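Contents: one structure, followed by commentary.
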Amino acid sequence: MMKYLRHSLILAAAVLCNLVSIANAAEFNLRIANWNPNPHHAVSVALNEWADKINKESNGRIKVTVDKAIIGKPAGQYDLIKQGVVQAGWGALPWTPGRFELSQVVELPFLVPSAEEGSRKITQIWQKHFADKEFTDTKLLAIHVHSPGALHTKEKVTSPADLNGMKIRTIGSGVKWAEALGATAVVMPASKAHEALARGVADGILFPWDAIKSYRLEKLLPYHLEVPNGFYTIAFFFAMNQKFYDSLPADLQALIDANSGPDTAAFLGRAWDAAADKTRSDIAADPGHEINTVTAEVLSDLQQRSKAITADWKAKAEAKGIDADAVLAEFNE
């Protein structure tokens, strides 16, 4: 009898635990794709913090996980989200040439004083000017940028004249910019930068400060040149599959809405700024490195060289019915 009673209690306890587990199970699983092979701060800090926030604020009804394993190539990330292979993800706008040219305005030289401010501003501009033209087939959560890009080289550079004959690794709008500076643009993924610099395929790189450490380039590039508001930035999207968003009940849609937009963009940008500030501080303290800021004369030269790049974006924007001058003016408001 006691044996039977003990067995019954164990069975009842198992059933109860199962019922509790079912009751606590997430109603929706939100998987965020990750394409980056290293523990990059944008994933290890910002996206995981965003995931934790959604998990907590939804009381576990949405279970958000950030992939540890890579799925797909960097250039295919947006389509993975659009097609519903994953529920959300992030990627760089330059990987999809011609697709998000309007939003890439933030990549122009001298527009972004920090990743936080630049991310907030471009997301606001997208909402106001581009929302009916770009990212119309996903639920865009934010557009964000890295911290202002600097020029990092093997040999000392203080002006465009020093760049003649140099090969500079870059992508996106940085290609035309490198050429305007008098260098030869070498286009390749960031993951190939170390090998390219070590083998002499490239002599320098346009990169945010944080990437110098995360891609192990500090021993290869001892010279660094900065300009106010950066040589450039690269814009990234953080987006959700539209059907997944539409499947959520109204209160959970409101939760996602509250965790997207300019404030979320600024939050993502702050993670980039923090990582960049730490790396720049470490490099500035290293006697094997030299950081220079352009003179007023060189800055004036650079601003003149950048006009053709800005004019090219303006022509594309105006062809799509955008008041390009108004958009550019908003970066200075």
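The table below gives the values:
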read-out: Only one of E330, E290, E318 that is among the acidic types (D, E), farther than 20 Å from H224 by Cα and surrounded by 13 or more Cβ atoms within 10 Å (Cβ to Cβ); value: E330
read-out: Number of the exception - I32 against (1) of a type outside the set (S, T, Y); (2) under 16 Å from M240 (Cα atoms); (3) surrounded by fewer than 21 Cβ atoms within 10 Å (Cβ to Cβ); value: (3)
read-out: Those helices (runs of 4 or more DSSP H) lying entirely in the stretch 211-325 with at least 2 residues of a type in the set (G, A, S) and within 19 Å of A88 (Cα to Cα); value: 250-258, 262-284
read-out: Residue that is nearest to R280 (Cα to Cα), among those in the stretch 241-266 that are in contact with a Lys or Arg (Cβ under 6 Å, 6 or more places away or on another chain) and open to solvent by less than 10 Å² (accessible area, probe 1.4 Å); value: A266
read-out: Subset of the stretch 285-328 (residues that are within 23 Å of the chain's Cα centre (by Cα) and among the hydrophobic types (A, V, I, L, M, F, W, C)); value: I309, W313, A317, V327, L328
read-out: The lone exception for L30 - which of (1) part of a helix (DSSP H, G or I); (2) of a type in the set (A, V, I, L, M, F, W, C); (3) at pLDDT 95 or above it fails; value: (1)
read-out: Residue match in the stretch 45-62 (condition: modelled with pLDDT under 90 and buried (at least 16 other Cβ atoms within 10 Å of the Cβ)); value: yes
read-out: Enumeration of residues in the stretch 293-315 that are basic (K, R) and open to solvent by 60 Å² or more (accessible area, probe 1.4 Å); value: R305, K307
read-out: Meets criteria (open to solvent by less than 20 Å² (accessible area, probe 1.4 Å) and closer than 18 Å to W177 by Cβ) for F238; value: no
read-out: Test for S260: is it in contact with a Leu (Cβ under 6 Å, 6 or more places away or on another chain), among the small types (G, A, S) and over 25 Å from T153 (Cα atoms); value: yes
read-out: Neighbours by Cβ (under 9 Å, 6+ apart or cross-chain): first from the stretch 123-147, free of Cβ contacts under 8 Å to residues at least 60 places away in the same chain; second open to solvent by less than 30 Å² (accessible area, probe 1.4 Å) and in a loop (DSSP other than H, G, I, E, B); value: W126/L102; W126/E134; W126/F135; E134/F100; E134/L102
read-out: Odd one out for F231, checked against (1) open to solvent by 10 Å² or more (accessible area, probe 1.4 Å); (2) touching a residue at least 24 places away in the same chain (Cβ under 8 Å); value: (1)
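The values are calculated or read from the model by the stated rules, or taken from the named source; none is laboratory data. Everything quoted here is computed from the prediction, not taken from an experiment. Here the Cβ is made from the backbone with ideal geometry for all residues, glycine too, and neighbour counts use every protein chain on show. Side chains are part of the model used for accessible areas, which takes the heavy atoms of the whole protein and leaves out ligands, DNA and RNA. Shrake-Rupley method; radii C 1.70, N 1.55, O 1.52, S 1.80 Å.
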